[in-house]
Amino acid sequence: MSALPDAEKLCAKLAAELKPRVGPNAAMVGIHTGGAWLAERLHAMLALAAPLGFMDIAFYRDDYHAQGLKHDPKRTRIPFDISGRELLLVDDVLYTGRTVRAAMNELFDYGRPASIALVVLADRGGRQLPICAQHCGAQVEVPAGMRLRLKRGVDGKLALALEAERAA
């Protein structure tokens, strides 16, 4: 496998791609944790007028009852009315599509957006649901048994890393 792409360069690429497409009705919501980090960066780079929203989809996952809650849930905070908005839903790595499905389910509990565009730093393939990103930094091949993660250093810099998958 080749080296992982530079997450900082991918952020800049996504911001440049999004800038001409973002109108005054646009708002952004980042999915905890890696998607929230990416959303913080993109929101600042795009200077969006609407405040940044965050969501934790843990309770909306289709495997919640089987898996239970294995992390400290963050609170969803969407400080604007999503009805009629052009939403940018931001996540770090697109894999099976289940996180995005859960996020959309939760978003519709808050209202009916005009549109939702998915923005991801990396798409690793392996979809289980018919979901794709409208804006993607890079396609990344991930070896079997590995997981692609976004990390944030103490200096705030973002980096992609491979980790061994945990046993379910």
- prompt: On the given criteria, is LEU46 surrounded by fewer than 21 Cβ atoms within 10 Å (Cβ to Cβ) and free of Cβ contacts under 8 Å to residues at least 60 places away in the same chain?
  reply: yes
- request: Filter segment 68-108 for residues that are at pLDDT 95 or above and among the acidic types (Asp, Glu) and give the result.
  value: ASP81, GLU86, ASP91, ASP92
task: Return the residue satisfying two criteria in turn: it lies in segment 101-138 and is among the hydrophobic types (A, V, I, L, M, F, W, C), within 12 Å of LEU87 (Cβ to Cβ) and not in a strand (DSSP E or B), and of such residues it is nearest to the chain's Cα centre (by Cα).
output: ALA103
- prompt: Could you count how many residues in segment 20-34 are small (Gly, Ala, Ser) and in contact with a helix residue (DSSP H, G or I) (Cβ under 7 Å, 6 or more places away or on another chain)?
  reply: 1
- request: Restrict the check to segment 102-118 and report whether at least one residue is of a type in the set (A, V, I, L, M, F, W, C), surrounded by 17 or more Cβ atoms within 10 Å (Cβ to Cβ) and touching a Gly at 6+ places or on another chain (Cβ under 6 Å).
  value: no
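The values are calculated or read from the model by the stated rules, or taken from the named source; none is laboratory data. The structure displayed is predicted, hence computed values, not measured ones. Virtual Cβ from ideal backbone geometry, glycine too; neighbours counted across all protein chains shown.
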